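Asks: I'd like to ask you about the structure that follows.
Every read-out reported here was derived from the displayed coordinates using simple, explicitly stated rules and does not represent laboratory data. These numbers come from a predicted model, not from an experiment. Cβ placement follows ideal geometry from the backbone for every residue including glycine, while neighbour counts extend to all protein chains displayed.
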Amino acid sequence: MNKLALSAAVAATLGLASNSFADGPIDGTIYGKINVSVVNTDQNSSDKWKLNSNASRLGVKGKTKITDGLYAVYKAEFEMCVDDGDCKGQTFTQRNIMGGIRGSFGTVWAGKHDSPTKLAQKKIDLFNDLEGDIKNTFEGENRVSNIIAYTSPTVSGFSGTVAMIPGEGADVDGDGIDDTGLTDGMSYSLSYSKDNLYLALASDKDVDSQDLVRMVMQYKIDNLKLGAMFQQNEDNQGTKDESGYFVSAAYKIDKTTLKAQYGFIEDDVDGDEEETLSLGADYKLSKNTKAYIFYTDNTDSEVDSSDDEDSSFGVGMEHKF
Amino acid sequence: MNSTDTKPGYGVAVISAMLLSGAASSSCDFDTDDADGPDFLDKIIECEKQQSSRDNSEGGSKASSSVEVTKLYGEGSLTASGIVERPVAAPGTLSHYAKKSFVARQPYSLRPDAKFEESVTIAIQKLHLEMAHYCARGWDIQRQWTEANSQQQGDFFLHYQFRCTET
C-alpha cells in the first residue's frame, strides 16, 4: 500500500470510528497556529535576511469520558514549517504528544512532552519561539521522550507534577554505564497560582545530562505583567555549573503590548557568560491574530575569547486557530 | 522505544485523519499556547467540557452539569416572591475572574398579582449586576434557563451561566 493510500485508509478508518462509536459530541478539537516572521540576523557582523516559521503547529486534543469523573485525555501536536515545508527533512515533526487518565486523584500521563521544569516556566518568556527564546540561553527547556508523569489536582492553588524518564539503555547520567531503570531521569515541579500571582519551583535530575533547579514567578498588575526566573544547573560531566536569572515585563496599551526581557547566566567552571536581551511590541489585529516586531541581542562571552554576538530584528504575524 | 521524528507519510496520514474524522470542531476558547502551559491538562478538560456544554445547549438540552462553574446562590428556597437570595454587587467591589465560569439565579414571578420588583425585568437587572460584580471587564453568557419555584405557583428562577472574558 503506498503512502497516499495508507493515509486515506487511516483517515477513513478513524473517520468511520469517530462517527460510528461516538456518543454525543466528538471529543476532540483541532488547534494550531501559524507564526511567520521576516528576520534580519547579524552574527558577528555578517547579516542575512530570512523567513522563519517559529514553531508553527497543528494539533488535536481532547478528552473522552470513561465513567463519572474519569476521563481519557490526549494531545498530539506537530510542528509544520510554513517557510519552506522542510522540518528537519520531514513534513511534520513531533511536538508534545501525550495520553493520560484523569480523575479526582489527578492525572497520570505519558508520551513525548515538555518536562515539568519547562512547563513550569509558564509564559514568562515573551519571545518564545523567536530568536529571543530563553532556550537559546538557558538549559532546562527540554521536550523529553519516554516521559511518564503524574500531575496532582489543584488544591488551594497548589499543583505538582513528577515525571520519570527511563533511560532505555542510554547513559543518561554519564557514569559510563547504560541506564535501564524507570527513574533514570526525573523532573518535578510544584506551583502555586492565585489570582494574579504564579509561583513555581522545578527541578531536573539527569535530564539532558543536567541537574537543574529553577524558580519562576509571575505577577500581573492591571495591564502590566512581570516575570522572573532564577536557575542553577550543572551537567553530570562536571564541565558546567551555571547560575543565572531572567526577567520580563509586558505592558498592554489597548491593542498594543510592549515587551522586554533580559536574561543572564554565568558558568562558574570556566567563567563563560551568556546574555539575552529582547525588546518588542505586539499589535492585536483580532482575537486570534497579531502582528509583532522585535529586536534581540544574544551574546556569548567566553574567557580568553572574543564575544560571540548575535543580534536580530524582525517583523511577523501570528494567527491562532 | 526511542523517539524518532514522524515520517512524512504517517504525518500526512495523521493530519488527514484528524481533518476527516470529524474532530475538527474548534469553537471553544482554547488558546493554542495553552497546550504548552503548566495547566494544559486543566485546559483540555475545561475546554472540552465547554464544548460539550455548547453542543448540549444548541441541541436544546438542559445542560451541562459537568461544566466546572461556581454557583452564586444557595440551596435555600424562597417562601415568597421577590426575596433576594444573595446581595447584589455593592459599588466599588468590582473584580474580574478571567475565564472563570459562574451560575447566578434570581427569582421572578409571573403571577397576575406580582409586584414590579418581582418582574423578570428586575431579575435580569440583578443578574447583570452580579455578572458585572464578578466579571468587571466583560462576560459571555453561556446558558440561560428557568426553573419553576416548587413552593409557589407562578414563581420561577432565572439562571444565567456566564464566563468572564479572557482579558
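Asks: Put +1 on the Cβ of each Lys and Arg and -1 on the Cβ of each Asp and Glu in chain A; which of A:L190, A:G100, A:S37 then has its Cα farthest toward the positive end of the dipole?
Replies: So the residue furthest toward the plus end is A:G100.
Asks: Can you spot the aspartates and glutamates whose alpha carbon is less than 14 Å from A:K88's alpha carbon? Ignore those fewer than 8 places along the same chain.
Replies: Within the straight-line cut-off, A:K88 pairs with A:E79, B:D5.
Asks: Tell me, what is the FRET efficiency for A:D83 and A:L258 to the nearest 0.05, using R0 = 25 angstrom and their Cβ-Cβ distance as r?
Replies: 0.40
Asks: Given +1 on the Cβ of Lys and Arg, -1 on the Cβ of Asp and Glu, and no further charges, what dipole in debye does segment A:128-225 carry about its Cα centre, rounded to the nearest 20?
Replies: Once rounded to the nearest 20, the dipole reads 800 debye.
Asks: State to the nearest 20 debye the size of the charge dipole of segment A:177-218 about its Cα centre, where the only charges are +1 on K and R beta carbons and -1 on D and E beta carbons.
Replies: Details: 3 positive and 8 negative charges, 81 e Å.
In total the dipole reaches around 400 debye.
Asks: Can you give the mean number of other chain Cβ atoms that lie within 10 Å of the Cβ atoms in peptide A:89-100?
Replies: Average neighbour count from other chains, rounded to a whole number: 4.
Asks: How high is the relative contact order of chain A? Use alpha-carbon pairs under 8 Å, at least six apart in sequence, and give a whole percent.
Replies: Reported relative contact order: 13 percent.
Asks: Taking the highest mean first, how do the peptides A:63-72, A:187-196 order by number of other beta carbon atoms within 10 angstrom per residue?
Replies: The most tightly packed comes first, giving A:187-196, A:63-72.
Asks: Now a separate question. Rounded, prolate or oblate: which fits segment A:147-240, taking a ≥ b ≥ c as square roots of the Cα gyration tensor eigenvalues, rounded meaning a/c under 1.5, else prolate when a/b beats b/c? Each step should come with its number before you reach the end.
Replies: Details: a/c = 4.53, a/b = 1.87, b/c = 2.42.
Verdict is oblate for segment A:147-240.
Asks: What is the spin-label model distance, in nm, from A:Q237 to A:K50 if the labels are put 7 Å beyond Cα along the C-beta direction?
Replies: The answer from the label model is 2.5 nm.
Asks: How do A:80-93, A:307-320, A:126-139 rank on mean C-beta neighbours within 10 Å, highest first?
Replies: Put in order of decreasing packing, that is A:126-139, A:307-320, A:80-93.
Asks: Hey, how many Å between the Cα centroid of segment A:165-232 and the Cα centroid of segment A:36-50?
Replies: One Cα centre to the other: 32 Å.
Asks: Using the charge dipole of chain A (Lys, Arg: +1 at Cβ; Asp, Glu: -1 at Cβ; taken about the Cα centre), state which of A:Y283, A:Q210, A:A163 has its Cα farthest towards the positive end.
Replies: Working it through, the farthest residue towards the positive pole turns out to be A:Y283.
Asks: Apply the Karplus parameterisation 6.51 cos²θ - 1.76 cosθ + 1.60, with θ equal to phi minus 60°, to every residue of segment A:198-209 and state each ³J(HN,Hα) to the nearest whole Hz, in sequence, with x for glycine and proline.
Replies: Per-residue couplings from phi come out as 9, 10, 8, 10, 9, 8, 10, 10, 6, 10, 6, 6 Hz.
Asks: Say the cut-off is 22 Å between C-alpha atoms; which of A:K194/A:K255; A:K118/A:K252; A:K50/A:K135; A:K259/A:K287; A:K48/A:K259; A:K118/B:K99 go over it?
Replies: A:K194/A:K255; A:K118/A:K252; A:K48/A:K259; A:K118/B:K99
Asks: Here's a follow-up. Using the Cα gyration tensor of chain A, with a ≥ b ≥ c the square roots of its eigenvalues, what is the shape: rounded (a/c below 1.5), prolate (a/b larger than b/c) or oblate (neither)? Please report the intermediate quantities before stating the final value.
Replies: On the way: a/c = 1.44, a/b = 1.23, b/c = 1.18.
Because its axes are fairly even, with a/c under 1.5, chain A counts as rounded.
Asks: Taking 7 Å along the Cα-to-C-beta vector as the label spot, tell me the A:K287-A:D304 distance in nanometres, rounded to one decimal.
Replies: It is 6.0 nm.
Asks: Ordered by packing density, taken as the mean number of other Cβ atoms within 10 Å over each peptide's residues, highest first, how do A:284-296, A:240-252, B:112-124 rank?
Replies: Top of the packing list down: A:240-252, A:284-296, B:112-124.
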